[in-house]
1. Could you tell me whether segment 253-268 includes any residue that is charged (D, E, K, R), within 14 Å of the ligand (Cβ to nearest atom) and open to solvent by less than 10 Å² (accessible area, probe 1.4 Å)?
2. Working only within segment 88-110, note down all residues that are open to solvent by 10 Å² or more (accessible area, probe 1.4 Å), closer than 17 Å to VAL6 by Cβ and among the aliphatic types (A, V, I, L, M).
3. Name the residues in segment 251-272 that are hydrophobic (A, V, I, L, M, F, W, C) and assigned to a helix (DSSP H, G or I), would you?
4. Determine the pairs where a residue that is within 18 Å of ASN320 (Cα to Cα), located within segment 261-289, has a partner that is part of a strand (DSSP E or B) and of a type in the set (Ser, Thr, Tyr) with Cβ atoms under 6 Å apart, the partner being 6 or more residues away or on another chain.
5. Here is a list of conditions, (1) open to solvent by 30 Å² or more (accessible area, probe 1.4 Å); (2) over 26 Å from GLY26 (Cα atoms); (3) touching a residue at least 40 places away in the same chain (Cβ under 8 Å); (4) away from the ligand (no atom under 16 Å from the Cβ), and GLY249 meets all of them except one; can you say which number that is?
6. For the structure I just gave you, tell me whether VAL176 is crowded, with 16+ Cβ neighbours inside 10 Å and away from the ligand (no atom under 14 Å from the Cβ).
7. Being assigned to a helix (DSSP H, G or I), within 16 Å of the ligand (Cβ to nearest atom), among the basic types (Lys, Arg) and assigned by TED's automatic domain parsing to the domain that holds GLY356: is that true of ARG285 here?
8. Which of the residues belonging to segment 298-313 are open to solvent by 50 Å² or more (accessible area, probe 1.4 Å), outside any strand (DSSP E or B) and in contact with a helix residue (DSSP H, G or I) (Cβ under 7 Å, 6 or more places away or on another chain)?
Amino acid sequence: MKIDHVETIHLYFEYPEGKNFSTPAGPVKGRMTTLVQVHADNGMIGVGSAYAHPAMVQAAIEHLTPLLEGRAITDTEYDPLSQFMRGDHQIERLWRGMYVWTRWSGRKGAAMVALGGIDQALWDLRGKAGGKPVWRLLGGETSKCPAYASGMLYGNSPEETAEIAGKMVEKGFRRVKMRIGYSWEYDVAAVRAVRSVIGNNIDLMCDGTWRFDLKSARRMARELVSNRVFWFEEPFEADDLDNYVALRGTVGLPLATGENEFGFEGFRELIRIAAVDIVQPDASRCGGISEVLKTARLARTAGLRFAPHSWCDPVAVISNAHVVASQDNGITVEIDQTGNRFIEELLGSPLAVKEGMLELGSRPGLGIELDPAALKRFRVTSPSDIPEGNHCDIILGPPTVLQPIPPYEGPGESD
Ligand SMILES: [Mg+2]
């Protein structure tokens, strides 16, 4: 089986008035994602997800495609013991070739995101060619992956946030993640309200969304511990590694980060300097299933667990979930519950979680069947067709599409 061609599919939807959520930089206008389909010469198609500025992803894919066309995809068994031996199987060799090809334009950011989209599609094809699900190719023994609801963004009252959390539990989730960083007063009230509604048998995680300094993060961490929060995610800007190192291990709950990191080398540094307890790679951002897998294996050798970030679409969720299901230090995968129509419609029906578990099934590859009608609904012919605005993580247009981000209103000296 050889690679025939690579196709990019850019998708976009706009939130109806009043149905959108807000970030610190203001309301989110809509959501976008890019799917990458690798077509083989036997008619098989592999799919991956690439989440970055769509025009940059498009350019990177076009730059990488000549390296792939006509190249074979081996269907030999993956050896889980050889994950650090580069070039031990064809996807790794192709990955390495693409990485070197983009050395001066990639390594982090959109080129790595594009590479990762291709990588997921290659794993999908490899599974299809060999008749095995990816979780089994990766050495796993179960098709079930724990999954958590990610939602409850800024702008809600503590009571409304707690009500949304309760609905997530009713939907079948056993873990929920909420955003904090609005203000000390709101955060404390919201965390307490959510814990009170979901009870003590549901895991609660808090995403700090880069809003804290070391002092306010320490204080918030104490509050989170008293509410039995499972992990404290990204209290600081992703590159502010000194603060992560300073906070980690001093506050009685795990520190999580990684959604803004790229490539095994990036995660190796996070782990080497002991900046993190729970590592959060994302196949749709960090370089694909290959990089999530290598990061997971490295985390394991350091005694750490991993819980992939997933935000853009169900292909990303499922790619990440195959790695979590296959590795004994995989905790859970994130599922966007903010009214993301890609999550709800691209597979024909919403990703279903029962008793906290996402069922991946035993179909070959990633087991994904995209709904053609949904693809047609969301597809834009060119990245330039996506309107300017705040699309959550990806901003298109001039900075004036953003609102000024107010400083975090901390607890004050007397608290
Ligand atoms: Mg996050």
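The values are calculated or read from the model by the stated rules, or taken from the named source; none is laboratory data. Because the structure is predicted, anything quoted here is derived from the model rather than measured. Reconstructed Cβ throughout: ideal geometry from the backbone, glycine too, with neighbour counts over all protein chains shown. Remember, those area values only see protein heavy atoms, side chains included, never the ligands or the DNA or RNA. Shrake-Rupley method; radii C 1.70, N 1.55, O 1.52, S 1.80 Å.
1. Filtering segment 253-268 down to residues charged (D, E, K, R) leaves 259, 261, 265, 268.
Now narrow it down to the ones that are within 14 Å of the ligand (Cβ to nearest atom): 259, 261.
Okay, now just the ones that are also open to solvent by less than 10 Å² (accessible area, probe 1.4 Å), so none.
Looking through segment 253-268, none of the residues is charged (D, E, K, R), within 14 Å of the ligand (Cβ to nearest atom) and open to solvent by less than 10 Å² (accessible area, probe 1.4 Å).
2. Listed by number, the list holds a single entry, ALA110.
3. Quick first cut of segment 251-272, residues hydrophobic (A, V, I, L, M, F, W, C) only: 251, 253, 255-256, 262, 264, 267, 270-271.
Residues satisfying the conditions are PHE264, PHE267, LEU270, ILE271.
4. Taking only residues 6 or more apart or on different chains, the pairs are SER284/SER49.
5. (3)
6. Working: crowded, with 16+ Cβ neighbours inside 10 Å: yes; away from the ligand (no atom under 14 Å from the Cβ): no.
No, not satisfied.
7. Details: assigned to a helix (DSSP H, G or I): yes; within 16 Å of the ligand (Cβ to nearest atom): yes; among the basic types (Lys, Arg): yes; assigned by TED's automatic domain parsing to the domain that holds GLY356: yes.
Yes: the conditions hold for ARG285.
8. Our first condition is that a residue be open to solvent by 50 Å² or more (accessible area, probe 1.4 Å); within segment 298-313, this holds for 300-303, 305.
Remaining after also requiring outside any strand (DSSP E or B): 300-303.
Result: ALA302, single match.
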